[in-house]
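The values are calculated or read from the model by the stated rules, or taken from the named source; none is laboratory data. Because the structure is predicted, anything quoted here is derived from the model rather than measured. Virtual Cβ from ideal backbone geometry, glycine too; neighbours counted across all protein chains shown. For the accessible areas, the whole protein counts, side chains as well, though only heavy atoms, and no ligand, DNA or RNA atoms are used. Shrake-Rupley method; radii C 1.70, N 1.55, O 1.52, S 1.80 Å.
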Amino acid sequence: MMVWVNLIAALCMAGAMALMLSRLFIGPTLYDRVLAANSFGTKTVLLLLIFSLMVGRSDGVDIALLYALINFIATIAILKFFRYRSLEIALAQMSLRRAIGGDDE
């Protein structure tokens, strides 16, 4: 019985991932595409967890957690890059503000 539940959950997750891929390719704005990529990564983590339950190995939980952290960091880096067109410009602006005396943090 539990095998069928896991199989149905995996198929539903694969269907949701297919929908996220379609949103990734036809999204009207950049932020829609980034959100779709982040959602695809989250669904990949859930699929890894379901697969590790089906196989009966607990190693998949560690791999899924690592993938979730990488997905989060990559999403933040992509959004920062598209906002500033560089990954270093925000730090340079913060240093410049401190040198001028605008920030006393």
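A residue that is at pLDDT below 90, among the acidic types (Asp, Glu) and open to solvent by 60 Å² or more (accessible area, probe 1.4 Å) cannot be found anywhere in segment 61-71.
So if I check each of Arg98, Arg33, Arg23, which one is modelled with pLDDT under 85 and in a helix (DSSP H, G or I)? Write out each step before concluding.
Working: Arg33 fails: modelled with pLDDT under 85; Arg23 fails: modelled with pLDDT under 85.
None of the other options fit; the residue is Arg98.
Each residue in segment 23-47 was checked for being aliphatic (A, V, I, L, M), touching a residue at least 12 places away in the same chain (Cβ under 8 Å) and over 15 Å from Phe72 (Cβ atoms), and 4 of them qualify.
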